[in-house]
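See structure below.
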Amino acid sequence: MRLYDIIAKKRDKKELSKEEIEFFIEKYTNGEVPDYQASALLMAIYLNGFTKEETANLTMAMVNSGDVVDLSMIEGVKLDKHSTGGVGDKTSLILVPMVAAAGGKVAKLSGRGLGHTGGTLDKLESIPGFNISVEEDKFIDMVKNAGLVIAGQTQNLVPADKKIYALRDVTATVDSIPLIAASIMSKKIASGSDAIVLDVKYGEGAFMKTAEDAEKLATAMVNIGKSVGRNTSAAITLNGEPLGYAIGNALELKEVIEVLKGEGPEDLRELCLQLGAQMLRLGNIETDVEKGRAKLEAILKDGSALAKLRELVVLQGGDPKVIDNSELFTISPLTHEVKATKEGYVYELNAEGVGVSSLLTGAGRHTKDDALDYGAGIILKKKMGDYVKVGDVLATLYSSDEAKFEKAEEELQKAYSIQSQKPEKSPIIHKIIR
Ligand code: URA
């Protein structure tokens, strides 16, 4: 088999066989296929597409390029969730304990933040002592006995994706539906989950700009799940303004605790209840989503979801005092108020702009080796639909470095669009694909 022939076949809009796709993935991962040939094939896929079968074969070839987590010794359906990214998206930190408290088994491998988006691991590390490296035995044990774990990925999980993603990034082939679908699903499948709930975002700042494209991506991922025996469900959600009011690691954790106490911002709570009800359905814990939602609401109210988060923190070496009293989180000492310069309704609040502003306070990383200011970030005071007068506080910035406020404010001011017209608010979930 030669890669040249595989490129020519896809260039001519023909369907690639499983063996041809496996050949490409294996030879590219081990360095036998050069970047220029891989680039040509990726561009042919970008332009001519992949069938359902080709996409499923690509996904499984990528899964098999590295380590696969084996959770088969744990009884029951192992659940996972994935979001295609969002600013202020702390849903994993709510969903994992909430679903575990309802009897689900959630083994979550998460990542760090880079650029304007935050990462679940960084947020957890704002808890003193919390350890994101969990040995395999302990990982299994936690899922079996406590129903939850949140840990960092091993180095060798889907190495093919690391290489291909880096190449796509510089060859204008990132926004291809089959390539995105295979990239995301390969990592979920290699993480050992049996059932996956996806939150596919659309809008400004998301990979998919329209609900229609997000639906196509969601359908491609649900189809992959179906082809490889992983029950998958996807919610199409608007990536409008940030979720909740807090952006930044410790600040977001405090908001997570509010939601787990049955309080907290409505948009965040609603999204978590709907995604959580889908997880309970896929986990065969409650197949009726309305009943599932009611069960989760009860779990938030009676404190058992918060108790699960506390259990997770203790098991992973963290100090539970901050969970018992979130005022004990270390928040950066300096604050700066960002005020409205115009009267009207907040018509738009660009999530990416808010993310960049938070990054500039010290809450995020420009490069992967940057140190974080865990207590830095933003508390929004005004969101879409709120009416503001000149001088009203739009948001408070937190940082340990006064010099960071100027640029962070500049970005945040740009993210707010204030107009005389009231914006129409869309529901948080556009559609669920099952
Ligand atoms: N996220 C991924 O993990 N992969 C993609 O290709 C796009 C988004």
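The values are calculated or read from the model by the stated rules, or taken from the named source; none is laboratory data. Note that the structure is a prediction, hence the values are computed from the model and not measured. Because the Cβ atoms are built from the backbone with ideal geometry, glycine has one as well, and the counts that use them run over all protein chains shown. All accessible areas refer to the heavy atoms of the entire protein, side chains included, with ligands and DNA or RNA removed. Shrake-Rupley method; radii C 1.70, N 1.55, O 1.52, S 1.80 Å.
The single condition among (1) aliphatic (A, V, I, L, M); (2) open to solvent by 10 Å² or more (accessible area, probe 1.4 Å); (3) assigned by TED's automatic domain parsing to the domain that holds Ala101; (4) more than 21 Å from Gly244 (Cα to Cα) that Leu372 does not satisfy is (3).
Being under 30 Å from Ile331 (Cβ atoms) and within 14 Å of the ligand (Cβ to nearest atom) holds for only one residue in Leu109, Leu157, Leu121, and it is Leu109. Filtering the stretch 361-373 for residues that are farther than 30 Å from Leu282 by Cα and assigned to a strand (DSSP E or B) leaves an empty set. Reported count of residues in the stretch 140-154, each being open to solvent by 10 Å² or more (accessible area, probe 1.4 Å) and either touching a residue at least 12 places away in the same chain (Cβ under 8 Å) or within 16 Å of the ligand (Cβ to nearest atom) (or both), is 5. Across the stretch 324-347, the qualifying residues are those that are assigned to a strand (DSSP E or B) and either in contact with a helix residue (DSSP H, G or I) (Cβ under 8 Å, 6 or more places away or on another chain) or over 29 Å from Thr237 (Cβ atoms) (or both), and the one among them that is least open to solvent (accessible area, probe 1.4 Å) is Val338. Count of the stretch 163-210 residues, restricted to those that are part of a helix (DSSP H, G or I), more than 10 Å from the ligand (Cβ to nearest atom) and under 23 Å from Ser92 (Cα atoms), is 2. Checked against (1) of a type outside the set (Asp, Glu); (2) in contact with a helix residue (DSSP H, G or I) (Cβ under 8 Å, 6 or more places away or on another chain); (3) open to solvent by 40 Å² or more (accessible area, probe 1.4 Å); (4) over 18 Å from Ser186 (Cα atoms), Lys18 passes all but a single condition, namely (4).
Per-residue answers, yes or no, for (1) modelled with pLDDT under 95; (2) assigned to a helix (DSSP H, G or I); (3) surrounded by fewer than 24 Cβ atoms within 10 Å (Cβ to Cβ):
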| position | (1), (2), (3) |
| --- | --- |
| Gly240 | yes, no, no |
| Val256 | no, yes, no |
| Arg293 | no, yes, yes |
| Glu311 | no, yes, yes |
| Asp319 | no, no, yes |
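Just one residue in the set Glu402, Glu424, Glu406 is exposed (fewer than 12 other Cβ atoms within 10 Å of the Cβ) and in contact with a strand residue (DSSP E or B) (Cβ under 6 Å, 6 or more places away or on another chain); that residue is Glu402.
Give Val99, Val87 a once-over and let me know the one that is at pLDDT 95 or above, touching a strand residue (DSSP E or B) at 6+ places or on another chain (Cβ under 7 Å) and away from the ligand (no atom under 14 Å from the Cβ).
Sole residue among the options that is at pLDDT 95 or above, touching a strand residue (DSSP E or B) at 6+ places or on another chain (Cβ under 7 Å) and away from the ligand (no atom under 14 Å from the Cβ): Val99.
Restricted to the stretch 211-221, and to residues there that are open to solvent by 10 Å² or more (accessible area, probe 1.4 Å) and closer than 14 Å to Met185 by Cβ, the residue that is nearest to the ligand (Cβ to nearest atom) is Ala220. When you scan the stretch 299-342, how many residues do you find that are in contact with a strand residue (DSSP E or B) (Cβ under 6 Å, 6 or more places away or on another chain), more than 30 Å from Ser420 (Cα to Cα) and hydroxyl-bearing (Ser, Thr, Tyr)? Number of matching residues: 1.
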